[in-house]
Amino acid sequence: MVGAYQRKLEEIARLGVALTALVPSSWVEPRVGRLRLERRFTQGYQLEALPIALNGQHHIHFYPTLGAVLRRLRPQVLHIDEESFNLATFQAMRLGVALGARCCFYNYANINRYYPPPFNLFERYNLRHASHALACNQEAAAIIRRHGFTGPLTIVPQFGVDPELFQPVGSSPPASSHPASPPPAASPLASSPPASSPPTSAPPTSAPPASAPPTSAPPTSSPPASPPPTTRLTIGYLGRLVPEKGLLDLVAAFAALPAHVHLRLIGDGSQRSQLEQRAAALGLSQRIAIMPAVNSTAVPAALRALDILVLPSRTTPSWKEQFGRILIEAMSCGVPVVGSNSGEIPHVIGDAGLIFAEGDIAALRSQLMRLVEDAPLRHQLAQRGRQRVLTHYTQAAIAQRHVAIYRDMLEA
């Protein structure tokens with residue numbers, strides 16, 4: 001659905017895979033609205049839009065023409081970019097198994113639940129027939145095992161970052177993130193519709209666990225001088241404007257920061273008016289800008305306009321942060337990040353940013369103040385974040401991991 005995410009599909013095709021991606025022409029995201037298919041990176045593979053029934057219903061949507069399409073394609077591997085308990089996964093799994101395809105699914109749910117019928121029956125069938133399971137994060141992987149899956153399982157981000165698009169201000173494009181070896185012989189693969197992919201922050205986990213984030217400013221060589229107090233700094237957030245993202249906490253923490261610091265919230269969602277009212281009540285309307293969501297292709301520029309990116313997510317009884325894709329996009333752009341300890345955020349950031357206890361406004365304010373006052377620390381975290389992305393989170397690296405999984409499935 002999201003144009004920037006399609007670069008991974010180009011990278012998969014570049015590795016010798018005959019790939020067809022099947023997606024809906026649009027997806028109705030609850031509390032956000034209709035997201036239309038972007039066609040941005042479509043070289044080397046087929047991108048087909050299918051009719052969708054019950055659009056916007058994560059657990060019960062399905063694709064009326066999927067059977068006919070799969071019978072035409074006859075894939076060897078069917079990657080179902082949906083969770084194990086969804087109807088769409090069950091539909092695709094049954095069709096794929098009937099055609100002799102090796103099938104895998106992708107889970108990012110990181111809160112353990114046991115579902116009522118028919119969803120528990122969907123999951124039971126999918127766990128029994130999948131050749132491989134993919135998980136966005138460590139907790140999702142543990143839940144898949146707890147629910148009875150005994151086959152091969154890999155923790156891998158759903159999507160990576162293109163470092164040529166998401167690069168720091170003033171950087172020249174990297175030489176190439178592509179592997180040097182020639183691509184292997186092609187094999188036909190098909191991906192089922194990734195309809196419920198989140199609009200920005202995907203869930204995609206995380207790289208191998210890293211050491212804890214720094215608690216004091218570490219030394220750095222030749223840092224830039226700290227700016228004078230009057231230099232404007234912009235703290236930002238990009239994503240859904242919904243309660244679980246902790247944006248009221250961010251506004252409250254921001255209220256105590258110096259006058260030269262501004263806050264920019266970019267996104268759409270049910271909490272927009274509440275955030276506008278809170279900013280006005282605090283007398284901060286001149287320093288807080290609440291802006292509409294931007295197209296995925298405009299995200300790099302929006303991030304480069306920030307000095308600090310914050311993801312202040314709050315765990316709820318039914319949700320906690322599953323990945324925090326905007327973090328790796330900001331890190332790739334050389335923007336230092338601050339995140340709560342909700343879900344997967346600390347594992348994604350590693351030692352390349354600052355963490356605070358979710359819901360702790362004073363702790364968030366303290367971490368923001370550290371970065372506002374310490375330009376060398378901002379500089380060092382920006383460098384660490386960029387390097388962490390280049391090591392673990394590029395689209396090319398994640399595509400290589402996916403293709404290795406597909407080939408293992410065929411050889412099993």
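For segment 37-57, which positions are more than 25 Å from ARG7 (Cβ to Cβ) and out of contact with any Phe, Trp or Tyr (no Cβ under 6 Å at 6 or more places or on another chain)? Give the steps one after another, and end with the answer.
The first filter runs over segment 37-57 and keeps only residues more than 25 Å from ARG7 (Cβ to Cβ), leaving 51, 53-57.
Within segment 37-57, PRO51, LEU54, ASN55, GLY56, GLN57 meet the criteria.
Considering each of ALA375, ALA382, ALA330 in turn, give the residue that is in contact with a strand residue (DSSP E or B) (Cβ under 8 Å, 6 or more places away or on another chain) and not charged (D, E, K, R). Explain how you work it out, then say what you get.
Values: ALA375 fails: in contact with a strand residue (DSSP E or B) (Cβ under 8 Å, 6 or more places away or on another chain); ALA382 fails: in contact with a strand residue (DSSP E or B) (Cβ under 8 Å, 6 or more places away or on another chain).
Exactly one of ALA375, ALA382, ALA330 is in contact with a strand residue (DSSP E or B) (Cβ under 8 Å, 6 or more places away or on another chain) and not charged (D, E, K, R), namely ALA330.
Looking at segment 395-411, can you tell me whether even one residue there is in a loop (DSSP other than H, G, I, E, B) and not hydrophobic (A, V, I, L, M, F, W, C)? Can you show your working first?
Kept after step one, since they are in a loop (DSSP other than H, G, I, E, B), are these residues of segment 395-411: none.
Within segment 395-411, not a single residue is in a loop (DSSP other than H, G, I, E, B) and not hydrophobic (A, V, I, L, M, F, W, C).
Quickly run through segment 32-52 and pick out the residues that are exposed (fewer than 14 other Cβ atoms within 10 Å of the Cβ), farther than 18 Å from VAL294 by Cβ and either outside the structural domain of ALA13 (by TED's automatic domain parsing) or out of contact with any helix residue (DSSP H, G or I) (no Cβ under 8 Å at 6 or more places or on another chain) (or both).
Passing the criteria: only PRO51.
Being modelled with pLDDT of 95 or more, under 20 Å from the mean Cα position of the chain (by Cα) and either surrounded by fewer than 15 Cβ atoms within 10 Å (Cβ to Cβ) or over 30 Å from LEU309 (Cβ atoms) (or both) narrows it down to one residue among ILE143, ILE80, ILE155; which is it?
Numbers: ILE143 fails: either surrounded by fewer than 15 Cβ atoms within 10 Å (Cβ to Cβ) or over 30 Å from LEU309 (Cβ atoms) (or both); ILE155 fails: either surrounded by fewer than 15 Cβ atoms within 10 Å (Cβ to Cβ) or over 30 Å from LEU309 (Cβ atoms) (or both).
On inspection, the qualifying residue turns out to be ILE80.
How do the pairs read when you match residues in segment 356-376 that are assigned by TED's automatic domain parsing to the domain that holds PRO312 and of a type in the set (S, T, N, Q) with residues anywhere that are surrounded by 17 or more Cβ atoms within 10 Å (Cβ to Cβ) and at pLDDT 95 or above, using Cβ under 8 Å and keeping only pairs 6 or more apart or on different chains?
SER366/PHE356; GLN367/VAL338; GLN367/LEU354; GLN367/ILE355; GLN367/PHE356
Which one of these is part of a loop (DSSP other than H, G, I, E, B) and either at pLDDT below 95 or under 28 Å from the mean Cα position of the chain (by Cα) (or both): ALA217, ALA289, ALA252?
Working: ALA289 fails: part of a loop (DSSP other than H, G, I, E, B); ALA252 fails: part of a loop (DSSP other than H, G, I, E, B).
Going through ALA217, ALA289, ALA252 in turn, the sole match is ALA217.
The values are calculated or read from the model by the stated rules, or taken from the named source; none is laboratory data. Since this is a predicted model, take the numbers as computed values, not measurements. Here the Cβ is made from the backbone with ideal geometry for all residues, glycine too, and neighbour counts use every protein chain on show.
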